[in-house]
Every structure is written in structure tokens, then in C-alpha cells.
Amino acid sequence: MAVNTLIVQPMRNVFRAISRRSAPGVIVYPILIAIVLAPALSAADKRIEKGGAVFKAGMLFSTTYKIDGREVDANDGITLGVGLEMPFIKLSKLAFAIDFHDVQIYNDRQFMIDASVGLKPTIYLESSNLAFKPGFAVGFGHLAEIANINGSDYLTWKASFETMFLVTPRYSYIAEILFMGADGQNDDHEISTNPTMMLRIGVMY
């Protein structure tokens, strides 16, 4: 009963919130996972401590842009990213990233370029050679003219959860779920997006 009350039910509620792409669920999800897995922590090896270069690719799911309050749907697309993670505070990484998001509105498409910096605590399970990294980042994005909407600049935020598969001493595979929101403008409009979900895989060297 205690497990159901303290863990199962709260996680179920968070997953429901995420399925509606609500910001509170997006933010609580990585924190809740970290708390649940905390008893399994052990000392990290050098692969976890040193960080490294990261390459990712995956799926960007449909979302809604709000242009002066008017809603415009954006279709599914692809997302690519490169980054660098550096040791920061006790099993936490300072993460620098440049991402390219394929934005498709009506029959037009452009890549949004987003540069961000964030923090990723690391939860290491030595017995299974797995590591988990909840993260949060903020950044600056630019989207070129699309669907007769002039180029626009954005303040972006990202909440993510990564699973690292520690394959060899030199590199690791990554699976990531990420939610991103953006608020911005151009010379003519105020523009924002609903939280956008992405699923990506990649490798860290």
C-alpha cells in the first residue's frame, strides 16, 4: 500500500500530465524519477565523471504555435543535436548544446536553431552499467521565415530525461525524452509554442 501511495500513484499522475504536455508534469517528471532511483545510487566510474561530446537525432512531435493568440499547428519533424558535457558539481554535468529542429507549418518548413546551456545530475547504477540524467536547460533560438511569418527569435526551455548505456570505456549510447517550450517574437508578432515532445537517440564520446 505504501509503495502504491508514495511511488506508483504519483508517477501515474505525472505520466497523465505529460500526455497532456502540461508544463508542471514536464518539470516534475525528471525530479520524481531521480527521487525514486536514489536508493540505487553507487559510486560512479570515470565514464560518468568526465562528460564528453554528444551527438543525437530523433523525432520532433507535432505542436501548436500561438501567433498573437492565434493557434497554428506544426507537423511532426526531425531533430538533430550536438553538445558538450563538462563536470560541474559532484556527478552533475554542465551541458552545452546546439540543436536543429525541423519545423513544418502548412507546406513550408525551416530548421529552428537553438543554443542552450543546462544542468544534468547523474544517477549511476553500477550493477547494470546504466546511468540516468534528468536535466533542465534554457537557451536562445532562431526560426527563419516560414509560412509568411517573418524570422523570429525565442527564449527556449527544455526538461529532459536521458538513459545512458555504458557500452565501452570510450563511448556510451543515449536514449532521451525531451520537452521544449519557446516564447519569442519578430517585428510583427508575439509567438510562443506549447511544450513540444521529442524522442532522440545518440552517442557520447
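Every read-out reported here was derived from the displayed coordinates using simple, explicitly stated rules and does not represent laboratory data. Quick caveat: nothing in here was measured; it's all calculated off a predicted structure. Note that each Cβ is placed from the backbone with ideal geometry, even for glycine, and that neighbours are counted across all protein chains shown.
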Checklist outcome for this item: Projected onto the charge dipole of segment 42-204 (unit charges on the beta-carbon of Lys, Arg, Asp and Glu, signs +1, +1, -1, -1), the Cα from Phe61, Ala131, Ile191 with the largest positive-side position is that of Ala131
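Within segment 86-166, report the trypsin sites (Lys or Arg not before Pro) that DSSP leaves as loop and that have at most 10 other Cβ atoms within 10 Å.
Within segment 86-166, the qualifying trypsin sites (Lys or Arg not before Pro) (loop, at most 10 other Cβ atoms within 10 Å) are Lys90.
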